[in-house]
Structure formats: structure tokens, C-alpha cells
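The structure appears right after this line, and notes come after that.
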Amino acid sequence: MIVERAYAKLNLTLEVLRKREDGYHDLASIMQTVDLWDELTFEEADEIEFECSDESLSGRDNLVVRAAEILRDEVEVGRGVRVVLRKRIPVAAGLGGGSADAAAALRGLNRLWCLGLSEGELAEIGAKVGSDVPFLVNGGTAMVSGRGEVLELLPDPGIDRVVIVTPKVGEEASGMSKTGRLFGMLSPASYTTGSLTRKLAARMVEKGDCHPAFMYNVFQQVAPHAFNGWQETYQAFDRMGAPEIVLTGAGPSMFAVAPNKEVGTAWALLMKARTTCDAVSVGLAPRIDIGSSR
Ligand code: C5P
């Protein structure tokens, strides 16, 4: 049996540059994986079979099944797999959980089916599954652009601890995916040039500095309107003394850099005691080397 961990991601910056002809948006983002993961196991089977610890996610529309089907079609293997997903990353939270599961499925199947695909090839197939998947094939720290498929590796930001807070928010029923809905709430006035992301990336390369004051997320301006109860959670986190609180992805999760492990643990415990949110204090996760995961 093969086991893969699917690590959650944070967006240290997230800028939207423009709307594209294909309906997607060009982005500039610094992404970072963190030590919060789902676990996937892979066993030989005749068909593509899938089971999830969260029953509401065990349908055939799960990105794990999509990734397996797309990979099988790409490499034309006539083999199946039984994948079991143990879910821990909060769902539809901005933490890239579904995309991380899909990326882990590509890594796991590359091993199980002995495909020998390179990380570049897996990322290319991942782009067909979702925009965040190419980065999550390896994770670590990277500047991401295009639709999400252009990756430039960055040094580790030297952050010891982050506290991730996921509010329990009501969402308006719109029939659209959360991410699509949030993109729809942005006006062109919110578009930026990508210079915030490039500046932080340059600081990380030149000075090894990733100060939270330089973090940014374009969706933070619409989050209070997009998610009922988001603002209350933000304010409770703010009262704890977290210096900068930054939204991740299209939300609703937000995070703050904690000065050390003890303060991080305290912030997470207090947030859970004082609000209905989910909160964890985690370290960063390094880049996964495809070669060594075999
Ligand atoms: O690629 P993914 O399926 O994760 O994207 C979900 C939705 O988010 C898309 O349907 C699109 O509305 C929006 N999106 C976008 N530009 C991106 C990534 C996502 O407009 N670069």
C-alpha cells in the first residue's frame, strides 16, 4: 500500500492582475505549504474506487477521482486504484485542500502505476484538474503566476509558526463554486500589477525577510460581504494581538504569523474557546521531492 500526505497551502500574497479571454484570471501569488495534511492511501484495484472519511466528499466529482481519471487517460494505462482519503484540512476554506488531495493522488498513482513521470509532467497534468494543483504537486515555497501553472521557487520564508483560523460562515446559495463567486465579486478596480508579490519575493531572495506587513490578499476586501460572520471572527483574532491577519485563497480561512510556538498554541486555543471557528497552530511544510517520495 502507498501512502501520500496532501499538505494545505497558504497564499502569503494573492493578487489578481486581469480577467482572461478563457474566463480565468491571471494571478500573482506567493504560495506556501503548511504542516496540516490529509492522508491518502493507494491500493491496486480493477477500477478507480474512492472512499473518503467525510461522506459528503466521497462522490465521483471529488478532485481525487478527477485527477486519477485524467492521469489514466493521459498515460493510457488500463489499471485501476482504490484510494482512501482521510480528511483533516477544512473544506472549501481557501487552504487548497481539494487541490492538495488531487496533487497527492497524482504523486501516489505515479508510484503505484510505476509511471516514472517527472514533477513537470505531473504539474502539467495537474493544471487540467485545477489551478492550484501544479504548485501542490511539490509544495514548499513558490511564486505562482499565469492561471496558477507558472512556478518560480523561493527560499523558505523562515516563519516558525502560523495560526490558521477558519470561521464557520454562512454562504449565500448561488449555484456557483465559492471561488468562482469570489472572483465575480471583484471589480477591475481591485486588480493590481503583481508588484506587491514581486517585491515580497525579492525581499525573500535578497534578505531572507518575509515580514507579514508585506502580505496581501485581494479577496480580503470582499470577504466581509461574501461570508456571513467572517468579520466577527476577524475581530476576535485581531483582539488577540495578532499583528497582521491575512486571508488565504478565496477564504474564508485567515492566518497570522505567531512570534513562537507557545503564543501560536495560545491564540488557537483562545480562538476556539471564544468563537465557533476552527483554529490550528502549525509550522511550514517543505517542498516534496518527487524522487524521494517513491
Ligand atoms: O481552477 P479551479 O477549478 O480551481 O478554479 C475555480 C474557479 O475559480 C474557476 O472556475 C474560475 O471561476 C476561478 N478562477 C479564476 N482564475 C484563476 C483560478 C480560478 O478565475 N486563475
Report task. At a Cα cut-off below 13 Å, give the aspartates and glutamates reachable from K9, other chains included and same-chain residues fewer than 8 away excluded. Result -> D35, D38, D101, D132
**Report entry** Where only alpha carbons of the chain are counted, the Rg and the Dmax (Å)
**Finding:** 18.5, 56
Query raised in the report: Once the piece of chain linking Q235 and A189 is laid out straight, how much longer is it, given 0.36 nm per residue of separation minus the C-alpha distance between them?
Result: 14.0 nm
**Report entry** Value of [θ]222 nm, deg cm²/dmol, for the chain, DSSP H segments ≥ 4, -39500 (n - 2.57) each, nearest 500
**Finding:** -9500 deg cm²/dmol
Query raised in the report: So what is the relative contact order of the stretch 41-114, in percent, for Cα pairs below 8 Å that sit 6 or more residues apart?
Result: 44 percent
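Could you work out the relative contact order of the chain? I mean the mean sequence separation of Cα pairs under 8 Å and 6+ apart, divided by the number of residues, in percent. Walk me through the numbers before you get to the answer.
Values: 648 pairs, mean separation 71.7, N = 294.
Rounded, it is 24 percent for the chain.
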Requested in this report: Quick one: angle between helix 97-112 and the longest Cα principal axis of the chain, in degrees between 0 and 90, rounded to 10, please.
Outcome: 30 degrees
Report summary line: To the nearest 0.05, the calculated FRET efficiency linking E152 and E262 through their beta-carbon distance, R0 being 51 Å, is 0.90
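On a 22 Å Cα-Cα criterion, which of the cross-link pairs K178/K199; K87/K272; K199/K261; K178/K272 come out too long?
Table pairs above 22 Å Cα-Cα are K178/K199; K199/K261; K178/K272.
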Report summary line: Karplus-derived 3J(HN,Hα) from phi for the stretch 193-201 (6.51 cos²θ - 1.76 cosθ + 1.60, θ = phi - 60°), whole Hz, x at Gly and Pro, runs 8, x, 6, 5, 5, 5, 5, 5, 4
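Readers should treat all values here as calculations from the given coordinates under stated rules, not as data from a laboratory. It should be emphasised that the depicted structure is a prediction, and the values quoted were computed from it without experimental measurement. Glycine also receives a Cβ, built like all others from the backbone with ideal geometry; neighbour counts cover every protein chain displayed.
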